[in-house]
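Down below is the structure, laid out as structure tokens.
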Amino acid sequence: MSPFESELIEEHAMADLAFVAITVAIFVLVAFIAKGVAKL
């Protein structure tokens with residue numbers, strides 16, 4: 001495998017990680033807002 005290919009795969013893995021992190025963050029935010037609304 002060429003260095004270019006491995007770099008491309010690493011970038012793809014980082015993009016996947018960022019996507020998962022953002023998805024989890026949104027999920028937590030929505031749950032947090034839902035809890036706050038339920039308290040009102």
With a Förster distance of 35 angstrom and the Cβ-Cβ distance between E7 and L29, calculated FRET efficiency to the nearest 0.05 equals 0.60
Options [x] 31, 18, 8; [y] 58, 8, 5; [z] 31, 19, 11 for Cα extents along the principal axes in Å; the value derived from the coordinates is listed as [y]
Per the helix-only model, the chain has a calculated mean residue ellipticity at 222 nm (DSSP H runs of ≥4, -39500 (n - 2.57) each, divided over all residues, rounded to the nearest 500) of -34000 deg cm²/dmol
The helix 3-39 Cα axis meets the longest alpha-carbon principal axis of the chain at an angle in degrees, between 0 and 90 and rounded to 10, of 0
For V28, the accessible surface traced by a 1.4 Å probe with all protein chains present amounts, in square angstrom to the nearest 10, to 90
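The values are calculated or read from the model by the stated rules, or taken from the named source; none is laboratory data. Since the structure is predicted, the reported quantities are computational estimates derived from the model, not experimental observations. So basically every Cβ, Gly included, is an ideal-geometry build from the backbone, and we count neighbours across all protein chains shown. When the accessible area is computed, the model is the full protein with side chains, heavy atoms only, and any ligands, DNA or RNA have been set aside. Shrake-Rupley method; radii C 1.70, N 1.55, O 1.52, S 1.80 Å.
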